[in-house]
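Quick notes on the structure that follows.
We did not get these values from a lab; they are worked out from the coordinates using the rules stated. Since the model is a prediction, treat every value here as computed from it, not as a measurement. Counting neighbours? That spans all protein chains shown, and the Cβs are built from the backbone with ideal geometry, glycine included.
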């Protein structure tokens with residue numbers, strides 16, 4: 001079976017590093033599960049989820065021309081519909097819809113405006129502490 005992006009294949013964990021786990025696939029090729037693709041929760045240590053010698057089902061995320069194969073353990077698992085619905089509802093209640101669809105340019109202009117206001121405020125405060133105009137000079 002050819003290793004193609006999007007396919008789910010089985011493999012054996014051969015080595016675990018600080019940034020992920022290397023998996024030998026059925027066809028003898030080796031791919032990497034990056035630490036961000038191990039689980040849906042924050043992963044501090046890959047050893048908490050995988051051990052060398054484990055047989056795992058992974059999804060092939062990409063196959064590069066140089067032979068590098070990117071794998072995902074979390075994408076290989078189907079997600080329950082109920083959890084997705086619950087997460088979407090929570091996001092809708094936390095943020096108004098207009099903020100979700102804000103473009104990059106809108107966010108950038110808001111950031112620049114806030115930044116300018118803060119700098120102006122900071123300059124006013126530091127000038128008043130220095131004495132503003134006509135500060136005293138020692139003779």
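Every residue, every condition in (1) in contact with a strand residue (DSSP E or B) (Cβ under 6 Å, 6 or more places away or on another chain); (2) part of a strand (DSSP E or B), yes or no:
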{"residue": "5", "(1), (2)": "yes, no"}
{"residue": "10", "(1), (2)": "yes, yes"}
{"residue": "14", "(1), (2)": "yes, yes"}
{"residue": "36", "(1), (2)": "no, no"}
{"residue": "40", "(1), (2)": "no, no"}
{"residue": "71", "(1), (2)": "yes, yes"}
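Scanning for something without any contact (Cβ under 8 Å) to a residue 24 or more places away in the chain and touching a helix residue (DSSP H, G or I) at 6+ places or on another chain (Cβ under 8 Å), does the range 45-60 turn up at least one residue? Looking for residues that are without any contact (Cβ under 8 Å) to a residue 24 or more places away in the chain and touching a helix residue (DSSP H, G or I) at 6+ places or on another chain (Cβ under 8 Å), one finds none in the range 45-60, hence no. If I ask for residues that are part of a strand (DSSP E or B) and in contact with a strand residue (DSSP E or B) (Cβ under 8 Å, 6 or more places away or on another chain), which ones from the range 17-34 would you list? Scanning the range 17-34 gives 20, 21, 22, 23, 24, 25, 30, 31, 32, 33, 34.
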